[in-house]
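Reviewing the structure listed below.
The values are calculated or read from the model by the stated rules, or taken from the named source; none is laboratory data. In this text, all values refer to a predicted model and were calculated from it rather than measured experimentally. Counting neighbours? That spans all protein chains shown, and the Cβs are built from the backbone with ideal geometry, glycine included. Remember, those area values only see protein heavy atoms, side chains included, never the ligands or the DNA or RNA. Shrake-Rupley method; radii C 1.70, N 1.55, O 1.52, S 1.80 Å.
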Amino acid sequence: MANQTQSTRRPVTEIRIQDTLARSLVGLDTRDDGRVTMYVCGPTVYNYIHIGNARTFVWFDLIRRYLRYRGFEVTYVMNYTDVDDKIIERANLEGIPVDAITSKYSKAFEEDLSALGARPADVVVRATEHIDDMVKAIEGLIEKGIAYEADGNVFFSVESFPSYGKLSGRSLDDMRAGEGIEAHESKRSPLDFALWKAAKPGEPEWPSPWGPGRPGWHIECSVMSTRYLGMGFDIHGGGTDLIFPHHENEIAQAEALEDGRQFVRHWLHAGMVQMESEKMSKSLGNVVTAHDALERYPAEALRYWMLTGSYRSQVTFSEDSIADAVAAYERWKTFKDVAVHAIARDQTGSQSESGDDAEESGLLDRFVASMDDDFNSAEALAAIHEIVSTGNRYVEDAQRGDPAAVMQLLKVCEMFDQATGVLGFAFPSADTSALAASLIDYLLELREDARAEKAFDRADSIRERLVALGVAVEDTPAGTRWRTGG
């Protein structure tokens, strides 16, 4: 996958995002000029992530990439939940210690995301490394009368926080119906949620003023996000399944502790993935892990599929949708291979002039405008396909050595590289050196000589050797073309 493409080509104007809390499209409003602070809820490391989880993390990596492309300094923090009921259950199932489970699946997560072109967060934090911070926060909530201890557990009193429900839009009456409620006999109200869980035999535990135990899930993210980014940081992200209760509880904990100060400026939530006609979920048993998908499909095609819909949209995982992504990515790759070959054959030393032609400027402007509009990747992909179509108009003339066509094709390739690089794609054939291209051209000249001499066995042998080396050869009315990787 591609390295981050940097650009100072356009000043940042307004980037619009769909804010879950505002329930509307709003302009990105950052705490500090020119800087974005972002926290994303990471994986609970007890198993391979499914392809829907992977899509969420690929998307927030892309959001970071794009914000940097637009000139922002970005600090991206992600957590690993490495103590949880699911982790303990998995350790018991596999018969290995909890820390071995979290190490195994943390590594698998990182490998899968790397294969999909997503870079690690700038800061990766683990819950077990911040227990003291969590204990301190819980003590503060108890002192304020917002939390209470019961039998070695500590619970957050939901009814003590008047704005509870503002993110999800749920009223306390709706919540009392039972959805998402954690049952426990020590609670004062069924709506209250655990900040600290008393230790059970055989489970990991840490000391606390309330006895040995471990933190609840929700306190982890509110404590760690503010530990590294401070209150009022810019973007908090995750899947839509985290809006309630996890993110709702994060807001309550953080803002109650800080006397109502704003916890997060903007909330962004990624849509779910469905299998044909139903949502992908472990409970339904229809999960495709990213690990398995990467063994079955090209990583670039999976990344393309992940970006075909807006980050907020629900997308379908199917053989047809992946096949469409494969075909679209191959169209890009074929264009880049042919364009690099045509440019490498140019002996005039053509170079891109400063500035942009109106058509080229408009093409890249369309890409930027699409991404500025709540990271509208569907329109951004369409803009790249338009760039490819424009470039293809110059290819044959460039192959014939027309300097003007070479110049235009070079400009189009620069736009293509910039846009696809922002989206995290790379094209290995783009690294084909001029020397390698010249050697391939020389072999094809020898092949043409052999054909002219009617030495067809020798001509076929040259072609077969090139194919074996990964060079696809195509005879066209305009002459012989070649590309790598075909």
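Here Ala22 and Lys107 are evaluated by their C-beta separation; at R0 = 45 Å the FRET efficiency comes out at 0.75. With respect to the chain, whose longest principal axis is taken over its alpha-carbon atoms, helix 85-94 is tilted by about 70°.
Pulled fully out, how much extra length does the chain show between Ser389 and Glu319, if you take 0.36 nm times their separation in residues and subtract their Cα-Cα distance? Don't skip to the answer; put the middle values down first.
Values: separation 70, 0.36 × 70 = 25.20 nm, distance 2.62 nm.
Gain in length upon complete extension: 22.6 nm.
For the chain, the longest principal axis of the C-alpha atoms and the axis of helix 434-452 are separated by about 40°.
Taking 8 Å as the Cα distance limit and 6 or more residues as the minimum spacing, I'd like the relative contact order of the chain as a percentage. The partial results should precede the final answer.
Numbers: 757 pairs, mean separation 81.9, N = 486.
So the answer I get is 17 percent.
Calculate the FRET efficiency for Glu330 and Ser171 from the Cβ-Cβ distance with a Förster distance of 35 Å, rounded to the nearest 0.05. Display every interim value, and only then the final one.
Values: r = 51 Å, r/R0 = 1.45.
Working from the Cβ atoms, E equals 0.10.
The packing ranking, built from the mean of other Cβ atoms within 10 Å per residue, places the peptides 154-160, 459-465 in the order 154-160, 459-465, highest first.
Could you tell me what percent of the DSSP beta bridges with both partners in the chain are antiparallel, to the nearest 5? Working shown, then result.
Values: 25 of 49 bridges.
Bridges in the chain that DSSP calls antiparallel: roughly 50 percent.
Could you work out how far apart the two model spin labels at Val123 and Asp460 are, taking each label as a point 7 Å from the Cα in the direction of the beta carbon, and quote it in nm? Distance between the two pseudo-spin positions: 6.6 nm. Ignoring everything except DSSP H segments at least 4 long, calculate the 222 nm mean residue ellipticity for the chain; use -39,500 (n - 2.57) per segment, divide by total residues, nearest 500. Roughly -15000 deg cm²/dmol at 222 nm, from the helical runs in the chain. Label-to-label distance, Ala404 versus Ala378, with points set 7 angstrom from Cα along the beta-carbon direction: 3.9 nm. Legend: residues Tyr48, Tyr311, sorted from most to least accessible area (1.4 Å probe; ligands, DNA and RNA excluded), read Tyr48, Tyr311.
Compared with the dominant principal axis of the Cα atoms in the chain, helix 456-468 is inclined by about 20°. Of the solvent-accessible surface of the chain, computed with a 1.4 Å probe and all protein chains present, 48% belongs to carbon and sulfur.
Bridging of Lys107 to lysines at a Cα separation below 26 Å is possible for Lys86, Lys282, once same-chain residues fewer than 8 apart are set aside.
Round to the nearest 0.05 the FRET efficiency obtained for Trp206 and Glu159 when R0 = 30 Å and r is the Cβ-Cβ distance.
On the way: r = 29 Å, r/R0 = 0.95.
With a Förster radius of 30 Å, E is 0.60.
Taking every protein chain into account, the accessible area of the chain amounts to 43 square angstrom per residue (probe 1.4 Å). At Asp132 and Asp259, where each label point lies 7 Å from the Cα along Cα→Cβ, what is the point-to-point distance in nanometres? Each label point is offset 7 Å from its Cα along the Cβ direction, giving 2.6 nm.
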